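Asker: Quick one: the structure is below, questions incoming.
The values are calculated or read from the model by the stated rules, or taken from the named source; none is laboratory data. Model, not experiment: these values are computed from the prediction. Please note: Cβ atoms are built from the backbone with ideal geometry, for glycine as well, and neighbour counts cover all protein chains shown.
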Amino acid sequence: MTELNSSLWMRASPAPAKAGRLTVLDGARGYLLVMMFVSHLTSVYGTPLFWFHHGEFSAVMDAEFFIPLSGFVCAISYARPFRRDGAGASALAVLKRLRWLYVYQVAVALMVFALVWAAWPDRLINGVAPDFETSAQVQVLQVMTFARQPHYLDILLIYMVLMLFIPVAQLMLFKNRVRLFFGILVTCWLFSRLGLDDQVLNLLYTQGVDTRPYFSLAGFFNPLSYALLFYGGFYLGHRFSEKGLAGFRANVVPVSARYFVIACVIIAGFAIADFLPGVPDYIHSPARDRYSEVALCSTLAIAYAVYFLLNQPALPEPAASLRNLISGIFSLPALVMIGQNSLFFYSLHVVMVYLASYAIADWNFGDNLLAVLGVQIAAVASAFALTDRKKRFLPGLP
């Protein structure tokens, strides 16, 4: 890192043009957050609500798209302080955001664990139980040091880990060290895929100090693996902030019918694999915790197909109708609002999943499909309403 020009810590060249807020990205992130909510609700009590989830015909789910979109948005947002005052200002802006991520992480975790205790012993989600052996005071401290986390809150933790390196990424990209940038990302991904990080950690835990009861950054999503997604999106956001939309389409990610056809063939292949007997699990259900090469292939294909449809004005049917459908969904004011309040909605959805499951068990709705479906729909509607109230009455709250 010493090869990088130290003057970048002070000031970078100005952007060619200031990019305005892209509401389509807000709508896309809002859509993915709602689908994430649906996925988590139906993972506890399966209902036809999941029929509306793109995971029914896709090898990948929501986080695989949401995380790179977040990286894209971060690159645009933190490019401004970096260009104005250098990496120090960018680091300060990142730390301010991380403060709020930490507040939400701790607050939601404490609320969820309080619900778990209140639901004991009859109204718990399967696989969730209170810890009676550890004192409440120690459990609170463990929440504050990430050693104790509830289900469904993993993305906040991985963001806190990955966002710390945004100023470093900016130093490399503004200096045009793209090969070094992607070399580090691919190395981290391979290190994770081969399980070498677990071997190193196990060695440290057995030969050194086992910090897991007191401090841990281990969630469902492996940070080394998902760094490829987050900072892949970050690189595209960086190029977008430099080139603008027209330059991005022309020079960074071209709108190519040939690539679109290839993407559609890959998407169709994964969809067909779901219905064929004997297809290995790593094809139709690729690993999500340690992001696999199969998942990467599916993610890139779907992402490019959507990108092409949204950016190609002249399309024949039925592609034109599909483009209008996707554009219409991403333009829905409710989804744009969710995307613009993503931290609040994501955190809220975790609490609502537990509350909905608590209510279903408490009211003995478990065997009544329509009642369960009604509670789930009410939970999603309530999250929309609460996010709208937050936007109106607490606009300064992230």
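Asker: Based on this model, can you work out whether T145 counts as in contact (Cβ under 8 Å) with a residue 24 or more places away in the chain, closer than 22 Å to A218 by Cα, surrounded by fewer than 16 Cβ atoms within 10 Å (Cβ to Cβ) and β-branched (V, I, T)?
Answerer: Working: in contact (Cβ under 8 Å) with a residue 24 or more places away in the chain: yes; closer than 22 Å to A218 by Cα: yes; surrounded by fewer than 16 Cβ atoms within 10 Å (Cβ to Cβ): yes; β-branched (V, I, T): yes.
In short, yes.
Asker: Limited to the stretch 248-274, what total is found for residues that are out of contact with any helix residue (DSSP H, G or I) (no Cβ under 9 Å at 6 or more places or on another chain) and not in a helix (DSSP H, G or I)?
Answerer: So the answer is 1.
Asker: Pairs needed: first member in the stretch 293-304, touching a residue at least 24 places away in the same chain (Cβ under 8 Å); second member anywhere, hydroxyl-bearing (S, T, Y) and not in a helix (DSSP H, G or I); C-beta distance under 7 Å; at least 6 residues apart or different chains.
Answerer: Between residues of the stretch 293-304 that are touching a residue at least 24 places away in the same chain (Cβ under 8 Å) and residues that are hydroxyl-bearing (S, T, Y) and not in a helix (DSSP H, G or I), the close pairs are S298/S58; I302/S58.
Asker: A follow-up question, please. Can you tell me which residue among S90, S39, S58, S43 is within 20 Å of the chain's Cα centre (by Cα) and over 30 Å from A361 (Cβ atoms)?
Answerer: Working: S90 fails: within 20 Å of the chain's Cα centre (by Cα); S39 fails: over 30 Å from A361 (Cβ atoms); S43 fails: over 30 Å from A361 (Cβ atoms).
Result of the check over S90, S39, S58, S43: S58.
Asker: Check S241, S135 and return the single one that is closer than 30 Å to P81 by Cβ and polar (S, T, N, Q). Before the answer, list the steps.
Answerer: Numbers: S135 fails: closer than 30 Å to P81 by Cβ.
On inspection, the qualifying residue turns out to be S241.
Asker: Take the stretch 366-398 and flag every residue that is over 18 Å from M337 (Cα atoms), surrounded by 13 or more Cβ atoms within 10 Å (Cβ to Cβ) and hydrophobic (A, V, I, L, M, F, W, C).
Answerer: Selection gives L369, A371, V372, L373, V375, I377, A378.
Asker: Taking the stretch 212-241 only, how many residues are without any contact (Cβ under 8 Å) to a residue 40 or more places away in the chain and not in a helix (DSSP H, G or I)? If you could, list the steps in order and put the result at the bottom.
Answerer: Here is the first cut: in the stretch 212-241, the residues without any contact (Cβ under 8 Å) to a residue 40 or more places away in the chain are 218, 224, 239.
Cutting the leftovers down to not in a helix (DSSP H, G or I) gives us 218.
Total satisfying the criteria: 1.
Table: residues versus (1) among the acidic types (D, E); (2) surrounded by fewer than 19 Cβ atoms within 10 Å (Cβ to Cβ); (3) touching a Pro at 6+ places or on another chain (Cβ under 6 Å).
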residue	(1), (2), (3)
P48	no, yes, no
E56	yes, yes, no
V60	no, no, no
I67	no, no, no
V108	no, no, no
M111	no, yes, no
D131	yes, yes, no
S135	no, yes, no
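Asker: Still on this structure, please answer the following. Any idea which of (1) farther than 17 Å from R193 by Cβ; (2) surrounded by 12 or more Cβ atoms within 10 Å (Cβ to Cβ) is the one A295 doesn't satisfy?
Answerer: The single condition A295 does not satisfy is (1).
Asker: Now for a separate question. Identify all residues within the stretch 19-75 that are small (G, A, S), in a loop (DSSP other than H, G, I, E, B) and either touching a helix residue (DSSP H, G or I) at 6+ places or on another chain (Cβ under 7 Å) or in contact (Cβ under 8 Å) with a residue 40 or more places away in the chain (or both); write none if there are none. Explain how you work it out, then say what you get.
Answerer: Taking the stretch 19-75 as the starting set, the residues that turn out to be small (G, A, S) are 19-20, 27-28, 30, 39, 43, 46, 55, 58-59, 63, 70-71, 75.
Keeping just the survivors that are in a loop (DSSP other than H, G, I, E, B) gives 19-20, 46, 58-59.
Selection gives A19, S58, A59.
Asker: Another question, if that's okay. Taking the stretch 117-150 on its own, how many of its residues are under 22 Å from M352 (Cα atoms) and under 25 Å from the mean Cα position of the chain (by Cα)?
Answerer: 10
Asker: Could you tell me whether any residue of the stretch 339-351 is out of contact with any strand residue (DSSP E or B) (no Cβ under 8 Å at 6 or more places or on another chain), closer than 24 Å to V253 by Cα and part of a helix (DSSP H, G or I)?
Answerer: Within the stretch 339-351, the subset out of contact with any strand residue (DSSP E or B) (no Cβ under 8 Å at 6 or more places or on another chain) is 339-351.
Still in the running and closer than 24 Å to V253 by Cα: 339.
When the remaining residues are screened for being part of a helix (DSSP H, G or I), the result is 339.
Checked the stretch 339-351: at least one residue is out of contact with any strand residue (DSSP E or B) (no Cβ under 8 Å at 6 or more places or on another chain), closer than 24 Å to V253 by Cα and part of a helix (DSSP H, G or I).
Asker: For A114, only one of the following conditions fails: (1) part of a helix (DSSP H, G or I); (2) under 23 Å from A361 (Cα atoms); (3) in contact (Cβ under 8 Å) with a residue 24 or more places away in the chain; (4) of a type in the set (A, V, I, L, M). What is its number?
Answerer: (3)
Asker: While we're here: Scanning the stretch 1-33 for residues that are surrounded by fewer than 22 Cβ atoms within 10 Å (Cβ to Cβ) and at pLDDT 50 or above, which turns out nearest to V353 (Cα to Cα)?
Answerer: Among those that are surrounded by fewer than 22 Cβ atoms within 10 Å (Cβ to Cβ) and at pLDDT 50 or above, it is L25.
Asker: Residue under question is R258, and the condition is that it be of a type in the set (K, R), at pLDDT 95 or above and more than 18 Å from N311 (Cα to Cα); does it hold? Break it down into steps so the answer makes sense when it comes.
Answerer: Values: of a type in the set (K, R): yes; at pLDDT 95 or above: yes; more than 18 Å from N311 (Cα to Cα): no.
Answer is no for this residue.
Asker: Also: List every residue pair whose Cβ atoms lie under 7 Å apart, where the two residues are 6 or more positions apart in sequence or sit on different chains, the first residue falls within the stretch 376-398 and is within 20 Å of W100 (Cα to Cα), and the second residue, located anywhere, is of a type in the set (D, E, K, R) and surrounded by 15 or more Cβ atoms within 10 Å (Cβ to Cβ).
Answerer: As it stands, the answer is L397/K390, since those pairs meet every condition given.
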